[in-house]
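Engineer: Starting off with a structure, shown below.
Here, each number is a calculation from the coordinates, and none is a lab measurement. Worth saying up front: this structure is predicted, and the values here are computed from it rather than measured. Here the Cβ positions follow ideal geometry from the backbone for every residue, glycine too, while neighbour counts run over all protein chains shown.
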Amino acid sequence: MISPMLLERPGSWRWIGVTLGFAVALVPTLPLVWRAAVATDGFSVGDAFVPALGNSLVVALSVAAIGWIVGLPAGVLGGLYAFRGRAILIALLALPALVPSFLWAIGWSAAALRIGTGASQALTGFPGTALAFCGMAISVVMLTSLATTRSLTASQIDAARIAGGERTVVVQSCRHGATTAGLAAGLVGVLTLSDPGPGQIHGLRTAAGEMLTSFSALYDFALAGRQCLVLTAAVLLLALPAIAMAAPRLSTQLLARQSRAPVLARNRRVSRIAIGLLTLLAFLFVMLPLTGLLLPLLAGAEILATWNALTRTGWNTLLYAGGAGLAAVTFGIVMALLAGRSATLGAACLAAGLALFLQPPALIALGFVFVGSDAPAWADPLLRSRLTVCLALATRLFPVALFLGMRAWRSFPSSWSAAAAVHGVPARTFLRRIVVPMFGFPAGTALLIVGLLATADVGTVLLLHPPGQASLPLTIFTVMANAPETLVASLCLAYVVAAVMVLVLIHRVVGRIVH
Amino acid sequence: MTPPSFELKALCQAYGNETVLTDVSLDLVKGRHTACVGPSGGGKSTLLRLLAGLEAPSAGSVLMDGKSCSEPGRILVPPHRRRLGMVFQDLALWPNLSVLDNVRLGLTGGKLSREESTGQAREALVLCDIERLANRRPGEISGGEQQRVALARAVAVRPAFLLLDEPFSGLDLGTKDRLLDRVRRLSDDERFTVMLVTHDPLEAIGLCEHAMVLEEGRLVESGPFRELLDSPRSEILRLFNRNMTRTP
């Protein structure tokens with residue numbers, strides 16, 4: 001009989017298991033690196049790529065700075081105080097993190113067009129691109145700060161309140177969450193480097209845009225591969241020092257077990273400020289672009305064409321999202337159990353997971369493309385099918401499930417396994433009766449988040465989907481330049497409604513976890 | 001079946017560079033309730049985990065009826081074969097299961113049929129006077145009731161030794177007294193021996209006739225509780241005596 005204490009036992013096998021897990025996740029990138037290493041015709045990335053990379057870096061830095069400055073106080077206020085409409089405002093502000101950035105870019109562009117030529121010109125290039133990403137940055141930083149604030153204990157907050165009132169509570173909470181929020185902002189900044197959408201829509205040449213042109217317009221996969229490697233190097237160069245510095249702190253702040261969760265305080269003055277700030281942000285970064293996105297519907301919705309697109313792509317969209325979610329959750333939770341309760345291994349997993357998550361989606365997708373192009377026909381189900389899309393998406397997104405899994409596992413007392421061992425409960429029964437049901441909610445949340453992120457990842461689907469098996473966001477992305485704006489708006493509406501439904505589901509799931 | 005007795009021989013436990021227990025030797029005799037007293041961080045819970053077989057010692061051994069059951073780095077007899085029940089400091093109730101299922105899952109090691117395990121679990125609930133809570137979940141009952149569920153789960157296996165790892169800390173005096181009284185009566189009726197780990201000698205004195213004091217991982221003194229209190233060598237018992245004499 002295998003003892004449940006195995007789940008708690010430390011040992012070098014945990015390090016070996018986790019290292020193997022991450023090594024498996026990196027396998028698809030090897031062909032790309034290998035080809036670049038053995039290339040005989042030099043390492044040219046094209047003349048336009050380097051200036052485009054410069055543009056991308058400026059956008060990334062601006063977005064990170066704005067996200068940090070605005071998202072941190074919003075998250076702290078949302079985490080500390082109870083006020084009218086709190087749940088709705090937070091949910092609204094979470095939307096930009098879950099909907100593809102190119103939809104927000106279309107929204108901003110359309111809104112500016114309605115306002116006038118001046119506004120439209122003002123948004124062309126850098127400002128529009130940065131603005132489209134800002135919603136996502138503020139959203140992620142706000143949610144991270146909210147989680148960090150909620151990880152403070154009630155007594156810590158009370159101590160600050162006794163020391164200097166609400167002002168001290170807010171200031172100390174901001175200081176507590178500043179590093180984590182800064183890291184989250186930095187990570188979003190890095191993520192923007194790999195996202196071609198907003199730059200393409202607002203006419204700014206970015207590194208990701210150049211890469212997209214290389215493989216989707218020039219069909220030069222070797223050039224795209226080299227550009228992808230340079231982008232990966234830039235991402236690692238920017239992200240690794242920050243991750244290495246902040247991972248231990250993140251590990252204790254976000255994965256820590258709470259002693260007594262703080263109760264949301266009621267304070268009329270601060271609540272007014274919180275409502276004002278969150279409403280302003282929701283209006284600027286959600287409602288305004290959303291209005292621009294959906295305004296063409298006033299001229300009439302293309303119901304039939306939208307229905308046709310939905311029936312053609314709906315199943316694939318669900319399959320890619322669900323398949324990626326299932327694979328990522330399974331792999332992520334196994335990795336979380338392997339990481340166990342060791343603080344060092346937890347921090348290492350967090351750092352490696354973040355580094356993997358930040359990689360350009362094309363790095364893994366192009367790896368699959370290269371392997372698939374040389375593979376025999378019998379490998380098609382694995383390397384040239386819809387399963388390939390799911391696997392590629394799950395490979396990059398499993399750190400989300402790993403993170404939630406580690407957080408869940410550390411919130412379970414180790415005495416549960418000890419009690420099971422004392423009573424002779426076999427590990428299998430303990431897993432089936434206790435661990436799996438207790439992992440149900442975090443796994444469900446991870447499934448939904450990974451599903452949404454997978455749906456928003458247009459690049460991977462574009463590179464790997466079998467002919468005729470596109471997803472809904474990819475269809476919007478490919479038709480947005482040529483199709484009538486009423487059709488684009490109708491498709492966008494369908495997507496946003498689906499995203500909101502998933503958001504409501506997440507809210508319910510998280511609500512049950514808290515309960 | 002004759003109840004076992006345990007012998008701890010020169011036990012040491014270290015986690016990395018941190019030594020938690022150093023050279024602890026003692027006998028746990030059947031029928032003699034023993035308290036393990038000492039300040040927080042003194043190694044009491046570690047000693048209990050070594051005795052239960054939840055951890056293997058770094059050095060020394062644990063013997064059950066004269067046969068080795070734990071050796072350095074190896075657990076020879078798994079916890080559920082040591083005829084032990086254990087109540088954990090945080091109770092370790094599984095929150096997704098009902099009270100009855102918590103107790104019934106605790107009987108898995110006994111290889112009983114479903115009917116038998118349900119019957120035995122219900123008996124334990126009756127013994128602890130919580131049969132009315134059978135279908136409730138741990139989160140839906142009070143702290144005192146949760147303590148009794150943990151106790152029921154431990155006694156349901158009909159243990160020879162009941163290990164209590166500070167389960168009463170944080171309870172009010174009345175609830176604590178009632179629970180200790182219940183443990184005392186259960187131990188008489190069900191004939192098990194108690195090993196109570198606590199940092200509060202007052203909690204132990206009403207239940208245990210024998211005591212051992214652990215300070216900074218070392219066994220400072222052991223023997224009949226009253227004798228130890230008469231001429232204490234350990235800091236904790238000296239303080240306890242001083243405070244008791246001050247009481248008006």
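Engineer: With equal scatterers on the alpha carbons only and no solvent term, can you work out the Debye log10 of I(q)/I(0) for region B:157-223 at 0.13, 0.19 1/Å?
Structural biologist: At q = 0.13, 0.19 Å⁻¹ the computed log10 ratios are -0.38, -0.80.
Engineer: For chain A, with only Lys/Arg (+1) and Asp/Glu (-1) charged at the beta-carbon, what is the dipole magnitude about the Cα centre, in debye rounded to 20?
Structural biologist: With only Lys, Arg, Asp and Glu charged at Cβ, the dipole is about 2140 debye.
Engineer: Calculate the length of the line joining the C-alpha centroid of region A:49-97 to that of region B:19-79, in whole Å.
Structural biologist: Using only Cα atoms to place each centre, the spacing works out to 53 Å.
Engineer: Cα-Cα pairs above 32 Å in region A:44-295: how many percent?
Structural biologist: For region A:44-295, the share of Cα pairs beyond 32 Å comes to 29 percent.
Engineer: Which aspartates and glutamates does residue B:111 reach when only Cα atoms under 19 Å apart count, and residues fewer than 8 places away in its own chain are ignored?
Structural biologist: Cross-link targets: B:101, B:123.
Engineer: Then there is this: Quick one: give the max-minus-min coordinate of the C-alpha atoms of chain B along each principal axis, largest first, in Å.
Structural biologist: Principal axes ranked by extent give 50, 50, 35 Å for the Cα atoms.
Engineer: Which of rounded, prolate, oblate describes region B:131-248, given a ≥ b ≥ c as roots of the alpha-carbon gyration tensor eigenvalues and a/c under 1.5 marking rounded, otherwise prolate only if a/b is larger than b/c?
Structural biologist: Prolate shape, in that a/c is at least 1.5 and a/b is the bigger ratio.
Engineer: DSSP H helices in chain B with Cα extent of 15 Å or more along the helix axis and mean Kyte-Doolittle hydropathy at least -0.5?
Structural biologist: B:143-156
Engineer: Here's a follow-up. Please name whichever of A:230, A:48, A:184 sits farthest to the positive end of the charge dipole of chain A, dipole taken about the Cα centre and charges placed at Cβ: Lys and Arg +1, Asp and Glu -1.
Structural biologist: The residue sitting farthest along the positive end of the dipole is A:184.
Engineer: Quick check: convex hull of the Cα atoms in region A:11-59, volume per residue, rounded to a whole Å³?
Structural biologist: So the per-residue Cα hull volume is 128 Å³.
Engineer: While we're here: Give, rounded to the nearest 20 debye, the magnitude of the charge dipole that region A:44-295 has about its Cα centre when Lys and Arg contribute +1 at Cβ and Asp and Glu contribute -1 at Cβ.
Structural biologist: My answer is approximately 1260 debye.
Engineer: Let me ask something else about it. Can you give the mean number of other chain Cβ atoms that lie within 10 Å of the Cβ atoms in peptide B:93-99?
Structural biologist: Average neighbour count from other chains, rounded to a whole number: 4.
Engineer: Out of the trypsin sites (Lys or Arg not before Pro) in region B:119-208, which ones are loop residues according to DSSP with at most 13 other C-beta atoms within 10 Å?
Structural biologist: B:191
Engineer: A further question on this structure: Which order, highest average first, do B:114-121, A:319-326 follow once you tally other Cβ atoms within 10 Å for each residue and take the mean per peptide?
Structural biologist: Order by mean packing, descending: A:319-326, B:114-121.
Engineer: I've got another one for you. Give me the mean projected area, in nm² to one decimal, of the convex hull enclosing the Cα positions of region A:426-515.
Structural biologist: Over every viewing direction, the Cα hull of region A:426-515 projects on average to 8.3 nm².
Engineer: Which peptide among A:284-297, A:108-121 comes first, and what is the full order, when sorted by highest mean count of other Cβ atoms within 10 Å?
Structural biologist: Top of the packing list down: A:284-297, A:108-121.
Engineer: Something else: Over region A:42-107, what portion of Cα pair distances is larger than 17 Å, expressed as a whole percent?
Structural biologist: 63
Engineer: Could I ask something else about it? Output wanted: per-residue J couplings in Hz (rounded whole) for region A:48-53, from phi through Karplus 6.51 cos²θ - 1.76 cosθ + 1.60, θ = phi - 60°, x for Gly and Pro.
Structural biologist: Values, residue by residue: 7, 5, 5, x, 5, 5 Hz.
Engineer: Taking H as built 1.01 Å from N, whose amide H comes closer than 5 Å to the amide H of residue B:163, not counting residues under 5 places away?
Structural biologist: B:85, B:86, B:87, B:195
Engineer: Taking H placed 1.01 Å from N in the peptide plane, check which residues at least 5 places from residue B:28 or on another chain put their amide H under 5 Å from its amide H.
Structural biologist: When sequence neighbours closer than 5 places are left aside, the close amide H contacts are B:6, B:7, B:8.
Engineer: Based on Cα coordinates alone, diagonalise the gyration tensor for region A:92-206, multiply each eigenvalue by 5, take square roots, and list the semi-axes in whole Å, largest first.
Structural biologist: Largest first, region A:92-206 gives 36, 15, 11 Å.
Engineer: Shifting gears a bit: Which chymotrypsin sites (Phe, Trp or Tyr not before Pro) in region A:125-227 pass both tests, a DSSP loop state and at most 16 other beta-carbon atoms within 10 Å?
Structural biologist: Filter output for region A:125-227: A:219.
Engineer: Then there is this: Compute the distribution of all C-alpha to C-alpha distances in region A:31-71, in bins of 5 Å from 0, and list the percent of pairs in each, rounded to whole numbers.
Structural biologist: Histogramming region A:31-71 at 5 Å steps yields 6, 18, 14, 13, 15, 12, 10, 8, 4, 1 percent.
Engineer: Sequence neighbours fewer than 8 away in the same chain don't count; with that in mind, list the lysines whose C-alpha is under 21 Å from residue B:176.
Structural biologist: B:44
Engineer: Same structure, new question: Are there any chymotrypsin sites (Phe, Trp or Tyr not before Pro) in region A:1-102 that are in a DSSP loop and have at most 11 other Cβ atoms within 10 Å? List them by number.
Structural biologist: A:43
Engineer: Enter the mean number of other protein chain beta carbons within 10 Å of the beta carbon of each residue in A:426-436, as an integer.
Structural biologist: Other-chain Cβ atoms within 10 Å of each residue's Cβ, averaged: 2.
Engineer: In addition: Got a sec to turn the phi values of region A:77-82 into Karplus ³J(HN,Hα) couplings, 6.51 cos²θ - 1.76 cosθ + 1.60 with θ = phi - 60°, whole Hz, x for Gly and Pro?
Structural biologist: 5, x, x, 9, 10, 9
Engineer: Under the √(5λ) rule applied to the eigenvalues of the Cα gyration tensor, what semi-axes describe the equivalent ellipsoid of region A:1-85? Give them in Å, descending.
Structural biologist: 38, 36, 8
Engineer: Over all alpha-carbon pairs of region A:285-387, lay out the pair-distance distribution in 5 Å bins, whole %, shortest bin first.
Structural biologist: Bins of 5 Å from zero give 2, 9, 9, 13, 14, 14, 13, 11, 8, 5, 2, 0 percent of pairs.
Engineer: Quick check: convex hull over the Cα atoms of the protein assembly as shown, volume per residue in Å³, rounded to an integer?
Structural biologist: 198
Engineer: By a straight-distance test (C-alpha under 19 Å), which aspartates and glutamates pair with residue B:9 as possible cross-link partners, with residues fewer than eight away in the same chain excluded?
Structural biologist: Within reach: B:23, B:27, B:55, B:65, B:71, B:215, B:216, B:221.
Engineer: Partner chain Cβ atoms within 10 Å, averaged over the residues of B:107-114 - can you pull that number for me?
Structural biologist: Per residue, the average neighbour count from other chains is 3.
Engineer: Using modelled backbone amide H atoms (1.01 Å from N, in-plane), which distant-in-sequence or interchain residues come within less than 5 Å of residue B:69's amide H?
Structural biologist: Amide H neighbours of residue B:69, under 5 Å, 5+ apart: B:62, B:63, B:64.
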